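A quick write-up on the structure given underneath.
The values are calculated or read from the model by the stated rules, or taken from the named source; none is laboratory data. This one's a predicted model, so the numbers in the text were calculated from it and none came from an experiment. Cβ sites come from the backbone with ideal geometry, for glycine too, and all protein chains shown count toward neighbours.
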Amino acid sequence: MEFLGGIIVNFKNLLQKYSKKVSEYWKTGKVQRTSRITYDVVWNIVLFFLIIGFIGMFFGVGVGAGYFASLVKDEPIRAYESMEKDIYNYEETSRLYFANNVYLGDIRSDIHREETTLDEISVTLKDAVIATEDEYFETHNGIVPKAIVRALLQEFTNSDMKSGGSTLTQQLIKNQILTNEVSFERKAKEILLALRLERFFEKDEILEAYLNIVPYGRDASGRNIAGIQTAAQGIFGLNADEVNIAQAAYLAGLPQSPSQYTPFASGGGLKDEEGIQPGLTRMKVVLHRMYEMEYITEEEYQEALEYDITEDFVTDYKTRDENYPHVQDELVRRATDIIKEKLAEEDGYSLEDLEEDDELNQQFEMLAERDLRQNGYHIHSTIDKKIYDAFQEIVKNYKHYGPDWTGPVKDPITGEVKEITQQVQVSGSLIENNTGRIISFVGGRDFNDEDQYNYATQALRSNGSTMKPLLVYAPAMEKGVLQPGTPIADVEMTYPGTNIKPSNFDRSFHGILSTRTNLANSYNIPAIKGYIEIMNDNPVEEYLEKMGITSLDENEYANPSLSIGGTTRGITIEENTNAYATFANGGKFVDAYMIEKITTSDGEVIYEHEPEPVEVFSPQTSYLTLDMLRDVISNGTGSYVKSQLSHPGVDWYGKTGTSQDRWDIHFVGSNPNVTFSTWLGYNIPQQQCLDCDMYYSHRNMKLWAELVNTATEINPELMAPSNSFERPDGIVSRSICAISGMLPSDLCSEAGLVTTDLFNAKFVPTEVDDSLMRGAYVMVNGKAVIAGPNTPKEFVDGDGLTFNPEFLKRNGYDKLGDITQLFPNVNRSAWEKISLPSNDLGSEIQDDGKAPSAPTSLNNSGKTLSWKASSSKDVVGYRIYRAANPDAKFELVGSTVETEFSIPSNKAVYHVKAVDYFGMESSASKEIVIGDFSEPKEEDKKDNEEDKSSGNNGKNKDNKDNKDNKGNNDNSEQDEGTEEPPDSEDQDETGDNNS
């Protein structure tokens with residue numbers, strides 16, 4: 001304390017000393033003179049900056065005014081009547097119609113609203129809204145300048161703490177006249193219109209309009225709601241004049257972020273505790289504002305804070321119940337796009353402009369949605385009500401979808417894994433070929449709050465093998481690379497530049513078959529090979545996009561698996577169906593549509609559909625494609641469907657399609673009038689049941705047929721035309737060699753491998769087949785093989801057919817480990833007569849140094865010996881040996897490549913030996929005795945004695961007879977093969993001691 005006291009005393013003395021000096025200096029007059037000079041200088045400086053400031057301010061105001069004027073230059077000066085119509089035009093519901101002007105229903109508005117008047121809204125609720133949204137509402141002229149300046153500064157400084165600069169008047173303008181677009185132009189127009197609105201309308205009129213249009217989130221059923229009366233009813237089950245302070249505060253807080261603050265989920269029912277919390281926090285903020293502005297007392301404020309408002313939330317609610325939700329949603333989506341494009345064109349924007357500018361597109365989409373809600377349009381669709389109703393009934397009662405799937409699924413956003421159960425979903429699309437009119441569709445098995453997805457128009461899925469005609473076969477025929485009869489080898493292959501080996505659905509290969517047969521059986525390898533031939537021309541851009549398939553990635557064409565439906569994202573069922581109708585239209589694509597026209601309530605047509613066909617394929621290519629697709633139904637993978645049709649005589653073409661792991665099952669079919677397709681699959685892709693009550697592809701085809709049959713009952717003229725597809729000019733029939741696809745050679749005709757098919761006259765073959773040549777061959781295990789140097793000549797056909805090595809090399813077949821892979825099961829016996837190089841049989845014809853196994857079961861019937869073939873795989877034929885009696889020596893009497901041999905009626909003993917490719921002979925078969933040798937007659941004994949005395953002469957005579965019986969034999973080769981093995985070896989092999 002003493003230290004502090006000393007400091008104070010010293011400071012007091014110092015202050016007195018300097019005060020005395022200042023007083024003495026003031027008396028001299030110097031301070032006064034200096035002050036006048038300083039004052040003049042400072043005043044001049046201040047005056048200068050004031051002038052500069054005023055000039056700058058006026059300049060800034062001028063620039064700002066000019067900029068503001070430029071932003072609103074296109075905004076028309078609105079009269080009172082115009083603004084009144086816009087402000088009070090809450091909604092004039094647009095109407096929807098089926099085809100033929102059959103009323104469907106009103107547009108299911110995204111926002112449910114019930115209009116009310118200001119005197120039916122409690123004072124507390126009005127106070128809560130004003131305290132929260134616009135505290136200067138009663139005094140401003142439509143805008144609050146300082147709020148606008150604050151908002152601008154926050155925008156320019158990119159502040160994280162942004163506050164709204166909009167009054168209730170401005171919000172009304174934004175919702176009813178402008179859009180939610182975030183831009184200076186929209187804000188400037190909003191300010192201008194708000195000032196004008198305040199001139200025309202009383203505050204109560206503005207407040208009433210605002211309270212009727214502002215959105216309030218969702219009600220208990222999950223519907224979007226707008227208007228204070230609708231909100232009070234939907235959230236608390238009360239009228240707007242019945243709410244208490246806490247309820248009023250809760251409602252007033254919702255418009256700032258309706259989806260976040262609403263207590264109800266999109267599917268109906270309350271959110272969980274965490275989801276409700278933001279709304280409760282917002283309510284407390286509103287209550288504090290009401291207390292600050294003295295709308296409520298402190299006691300009322302505290303009571304409202306402690307009030308448990310969660311007890312007031314509506315819990316008894318009904319979900320939406322609409323007869324045609326899929327149709328309504330789809331028509332609204334398409335009508336919005338039509339109106340959006342129309343509004344954009346009126347403002348000088350093209351569809352391309354909207355596609356390139358997301359913000360611009362969003363702006364016009366909001367305007368279009370508002371038009372549909374407010375302008376009372378009549379939207380006329382193409383949907384046939386009777387067929388649509390029948391489709392839904394069949395889908396509802398179909399019994400063969402397959403089982404529900406239950407298993408873990410990972411959320412793609414949160415990463416959370418949870419177990420779900422999902423049923424097999426379905427979709428379908430029925431389109432009229434020549435107009436593109438969508439007659440009916442199937443959007444799914446059900447429409448509910450959990451699954452409102454339209455699987456026909458929104459789901460992107462792999463189209464499996466239905467891609468093959470669209471992307472491979474039709475484009476390849478258009479380019480002349482393939483024709484229906486063109487052979488393609490279905491053999492093992494590898495994708496270029498990879499180690500990936502694609503396979504067929506049956507995990508096997510099928511040899512050289514025509515394009516027609518490969519398509520009918522939906523083999524993958526030929527489709528991939530055909531696509532590789534044309535892939536570099538980008539057939540996606542050249543053909544698929546022209547047929548309305550636009551969801552593929554830019555460079556996806558470079559993936560060979562795209563040819564069999566291996567898409568990145570997929571295409572819609574509607575797109576797939578629409579593309580298939582191209583073949584029925586002679587190669588012209590007609591875009592599918594669902595809205596015939598849109599009119600005003602007065603009948604003025606503001607939109608009417610006009611088809612714009614696009615030429616994709618020539619009529620010849622289209623006909624050849626559909627003709628091949630007829631085979632899919634007549635004898636291919638789609639043959640089951642024909643047995644299910646009530647009118648099997650209709651000229652249908654079609655295609656099955658299965659994606660990877662049976663995720664997606666398709667069938668699409670066309671007749672001269674319509675194209676119809678169906679799809680089965682799980683929403684989250686999973687394998688479909690393979691061993692259920694019905695084969696998986698049959699489940700879909702049966703459903704397809706039932707839907708077609710029902711539509712045929714309703715409209716047989718449309719669904720079951722009596723006419724067939726007409727063959728255009730330029731289609732010719734030609735015979736070709738099935739091996740090469742070239743004109744038949746004499747050798748191909750001799751082989752029995754000439755086939756006939758249809759061709760585009762522009763692409764008929766002109767060169768003669770060179771796949772075959774003459775060559776010596778033997779039959780080995782049922783296959784023709786070029787004879788080796790040690791192959792016995794008596795089994796060799798020196799005038800047979802063999803593959804031309806140049807042909808094999810030209811087609812890459814020389815690299816096959818086994819050329820017999822080229823042999824199809826179709827007419828296989830003819831193919832097997834073509835000889836192969838010996839090394840093409842691999843291990844089957846390798847020399848193991850062992851004699852072949854002996855033939856067995858030697859038997860005689862009349863004059864024919866027969867036996868069972870040797871079990872060895874390298875046998876080329878059999879030698880037949882004869883002895884005059886059981887005690888005589890066996891001698892060769894003939895050879896054959898068959899398992900039977902003709903003999904004379906004389907008594908004798910026979911056995912047979914097998915001969916292999918390398919000339920080795922088996923041991924003898926079991927002997928067979930022809931005739932009775934037990935008691936020979938005297939004359940027979942005499943003959944035997946003569947035979948013995950004749951020696952070699954008799955033997956040579958027998959040999960000559962044997963040669964005559966055998967036919968064309970070479971003596972030298974026969975001599976090499978007549979050497980008898982020792983009796984002991986013969987006994988060991990046959991087990992017979994009689995020899």
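Annotations
- Picking from residues in segment 385-439 that are small (Gly, Ala, Ser) and either touching a Pro at 6+ places or on another chain (Cβ under 7 Å) or without any contact (Cβ under 8 Å) to a residue 12 or more places away in the chain (or both), the one that is nearest to ASN454 (Cα to Cα) is GLY436.
- Qualifying residue in segment 312-320 (condition: among the basic types (Lys, Arg), surrounded by fewer than 18 Cβ atoms within 10 Å (Cβ to Cβ), assigned to a helix (DSSP H, G or I) and within 33 Å of the chain's Cα centre (by Cα)): no
- Residue identified as of a type in the set (Ser, Thr, Tyr) and under 17 Å from ARG113 (Cβ atoms) among THR262, THR281: THR262
- Residue match in segment 651-664 (condition: without any contact (Cβ under 8 Å) to a residue 60 or more places away in the chain and surrounded by fewer than 18 Cβ atoms within 10 Å (Cβ to Cβ)): yes
- Any chance PRO721 is surrounded by fewer than 17 Cβ atoms within 10 Å (Cβ to Cβ), at pLDDT 95 or above and not polar (S, T, N, Q): yes
- So ILE439, is it in contact with a strand residue (DSSP E or B) (Cβ under 6 Å, 6 or more places away or on another chain), farther than 15 Å from ASN576 by Cα, surrounded by 16 or more Cβ atoms within 10 Å (Cβ to Cβ) and in the same structural domain as ASN576 (by TED's automatic domain parsing): yes
- GLU419 being part of a helix (DSSP H, G or I) and modelled with pLDDT under 95: no
- Qualifying positions in segment 252-265 - surrounded by 24 or more Cβ atoms within 10 Å (Cβ to Cβ), assigned to a helix (DSSP H, G or I) and touching a strand residue (DSSP E or B) at 6+ places or on another chain (Cβ under 9 Å): LEU254
- Top-ranked residue in segment 774-801 [being in a strand (DSSP E or B) and in contact with a helix residue (DSSP H, G or I) (Cβ under 7 Å, 6 or more places away or on another chain); ranked as nearest to SER622 (Cα to Cα)]: LEU801
- Of the listed requirements (1) in a loop (DSSP other than H, G, I, E, B); (2) touching a residue at least 60 places away in the same chain (Cβ under 8 Å); (3) in contact with a Pro (Cβ under 9 Å, 6 or more places away or on another chain); (4) under 23 Å from THR820 (Cα atoms), PHE505 misses just one: (3).
- Just so you know, in segment 520-578 the residues that are touching an Asp or Glu at 6+ places or on another chain (Cβ under 6 Å) and without any contact (Cβ under 8 Å) to a residue 60 or more places away in the chain include one that is surrounded by the most Cβ atoms within 10 Å (Cβ to Cβ), and it is PRO526.
- With respect to (1) surrounded by fewer than 17 Cβ atoms within 10 Å (Cβ to Cβ); (2) in a helix (DSSP H, G or I); (3) polar (S, T, N, Q), the lone exception for GLN363 is condition (1).
- When the test is whether a residue is crowded, with 19+ Cβ neighbours inside 10 Å, modelled with pLDDT under 90 and farther than 30 Å from ILE383 by Cβ, ALA151 does not pass it.
- Test set (1) in a helix (DSSP H, G or I); (2) out of contact with any Asp or Glu (no Cβ under 9 Å at 6 or more places or on another chain) - GLY348 fails condition number: (1)
- The sole residue among ALA248, ALA240, ALA231 that is part of a loop (DSSP other than H, G, I, E, B), small (Gly, Ala, Ser), touching a helix residue (DSSP H, G or I) at 6+ places or on another chain (Cβ under 9 Å) and on the phi < 0 side of the Ramachandran plot is ALA240.
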